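The values are calculated or read from the model by the stated rules, or taken from the named source; none is laboratory data. Just so we're clear, the structure is a prediction, and the values are computed from it rather than from any experiment. Glycine also receives a Cβ, built like all others from the backbone with ideal geometry; neighbour counts cover every protein chain displayed.
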């Protein structure tokens, strides 16, 4: 399906442009109907917690990677079609083409899954060393899944997390885990930094490492925390205080369905 989406997106761009040239009033209606959800989605993209708070349905997640471009590209096509000045119209058309190319670039791994990651799964100790500078999220999510009894390779999770040249986002990590664990005994949730105790026994967390801009996996052991940093060749054990100190963003938690949430850590 992801291979067909770029073709459908280009067709939508051309049709929107032709609508603008022939039916300006209808083009204005279509553009207005695209603008409001585009603005709303752009605001949600500023924080994974905002997007998680508004949209948690798993049926939304498969379409999420293309949603911004599916709204923006036809909108620009409609606007370009209504313009009379040839030079301005061409500039707006060029903007639409650039947005289309950006969508292809950002979602390239969904079209060609072998672009990122290696076909290696976590080892017996659940650890997985990342193969490239951009695959920390893929490795961290594969490690977390192995603790939930689900084996995935780094390449499979690079595809699932939409890993591209610069890596990927924390919400894409949540999206990949939620889609992978849909229908299993596990559920995935997103929490604010500092809201969970990483040492709670059995707790599985994926987050960003403070001041390092890469993903890590934390496993609660009771009074200690198992830290899986994909940049390192082996996991390490640390204190809860050190684990809290290195957490640098929202927390993705994998929990078994039906379990009561653990209490917040003492401040």
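Just the residues that are in contact with a helix residue (DSSP H, G or I) (Cβ under 6 Å, 6 or more places away or on another chain) and at pLDDT 95 or above, please, taken from the stretch 238-253.
Result: 252, single match.
Only residues that are surrounded by fewer than 19 Cβ atoms within 10 Å (Cβ to Cβ) and either in contact with a helix residue (DSSP H, G or I) (Cβ under 8 Å, 6 or more places away or on another chain) or under 26 Å from residue 46 (Cα atoms) (or both): list them for the stretch 228-237, please.
Residue satisfying the conditions is 231 alone.
Residues in the stretch 121-129: is at least one at positive phi and either under 20 Å from the mean Cα position of the chain (by Cα) or assigned by TED's automatic domain parsing to the domain that holds residue 235 (or both)?
Taking the stretch 121-129 first, the residues at positive phi are 126.
Filter once more, so that each one left must be either under 20 Å from the mean Cα position of the chain (by Cα) or assigned by TED's automatic domain parsing to the domain that holds residue 235 (or both): 126.
Yes, the conditions are met somewhere in the stretch 121-129.
What residue, of 196, 205, is assigned by TED's automatic domain parsing to the domain that holds residue 128, assigned to a loop (DSSP other than H, G, I, E, B), crowded, with 22+ Cβ neighbours inside 10 Å and at pLDDT 90 or above? Step through it out loud before you land on a result.
On the way: 205 fails: assigned to a loop (DSSP other than H, G, I, E, B).
Step by step, each of 196, 205 is checked, and only 196 is assigned by TED's automatic domain parsing to the domain that holds residue 128, assigned to a loop (DSSP other than H, G, I, E, B), crowded, with 22+ Cβ neighbours inside 10 Å and at pLDDT 90 or above.
Give me the pairs, please: first residue somewhere in the stretch 133-162 and on the phi > 0 side of the Ramachandran plot and assigned by TED's automatic domain parsing to the domain that holds residue 206, second residue anywhere and crowded, with 24+ Cβ neighbours inside 10 Å and not in a helix (DSSP H, G or I), beta-carbon distance under 6 Å, and either six or more positions apart or on two chains.
Between residues of the stretch 133-162 that are on the phi > 0 side of the Ramachandran plot and assigned by TED's automatic domain parsing to the domain that holds residue 206 and residues that are crowded, with 24+ Cβ neighbours inside 10 Å and not in a helix (DSSP H, G or I), the close pairs are 162/168.
Could you tell me whether the stretch 13-28 includes any residue that is assigned to a helix (DSSP H, G or I) and either within 20 Å of the chain's Cα centre (by Cα) or closer than 20 Å to residue 106 by Cβ (or both)?
To start, the set of residues in the stretch 13-28 that are assigned to a helix (DSSP H, G or I) comprises 13-22, 24-28.
Subset that is either within 20 Å of the chain's Cα centre (by Cα) or closer than 20 Å to residue 106 by Cβ (or both): 13.
Checked the stretch 13-28: at least one residue is assigned to a helix (DSSP H, G or I) and either within 20 Å of the chain's Cα centre (by Cα) or closer than 20 Å to residue 106 by Cβ (or both).
Condition check: outside any helix (DSSP H, G or I), modelled with pLDDT under 95 and not assigned by TED's automatic domain parsing to the domain that holds residue 187. Does residue 84 satisfy that? Working first, answer last.
On the way: outside any helix (DSSP H, G or I): yes; modelled with pLDDT under 95: yes; not assigned by TED's automatic domain parsing to the domain that holds residue 187: yes.
It is true that residue 84 is outside any helix (DSSP H, G or I), modelled with pLDDT under 95 and not assigned by TED's automatic domain parsing to the domain that holds residue 187.
Output yes when any residue across the stretch 209-216 is part of a loop (DSSP other than H, G, I, E, B), out of contact with any strand residue (DSSP E or B) (no Cβ under 9 Å at 6 or more places or on another chain) and touching a residue at least 24 places away in the same chain (Cβ under 8 Å), and no when none is.
Our first condition is that a residue be part of a loop (DSSP other than H, G, I, E, B); within the stretch 209-216, this holds for 210-214.
Filter once more, so that each one left must be out of contact with any strand residue (DSSP E or B) (no Cβ under 9 Å at 6 or more places or on another chain): 211-212.
From the residues that got through so far, the ones that are touching a residue at least 24 places away in the same chain (Cβ under 8 Å) too are 211-212.
Within the stretch 209-216 (the criterion being part of a loop (DSSP other than H, G, I, E, B), out of contact with any strand residue (DSSP E or B) (no Cβ under 9 Å at 6 or more places or on another chain) and touching a residue at least 24 places away in the same chain (Cβ under 8 Å)), the answer is yes, since at least one residue qualifies.
Here are 103, 96: which of them is farther than 28 Å from residue 157 by Cα and assigned to a helix (DSSP H, G or I)?
96
Tell me the residue from 59, 69 that is under 18 Å from residue 161 (Cα atoms) and not in a helix (DSSP H, G or I), please. Before you say what the answer is, go through the steps one by one.
Values: 69 fails: not in a helix (DSSP H, G or I).
After ruling out the rest, the residue left standing is 59.
Spot the failing condition for residue 62; the list is (1) surrounded by 14 or more Cβ atoms within 10 Å (Cβ to Cβ); (2) under 25 Å from residue 177 (Cβ atoms); (3) touching a residue at least 40 places away in the same chain (Cβ under 8 Å), and only one is missed.
Of the numbered conditions (1) surrounded by 14 or more Cβ atoms within 10 Å (Cβ to Cβ); (2) under 25 Å from residue 177 (Cβ atoms); (3) touching a residue at least 40 places away in the same chain (Cβ under 8 Å), the odd one out for residue 62 is (1).
Would you point out which residue out of 162, 152, 264 is at pLDDT below 90, assigned to a loop (DSSP other than H, G, I, E, B) and buried (at least 21 other Cβ atoms within 10 Å of the Cβ)?
The conditions single out 162.
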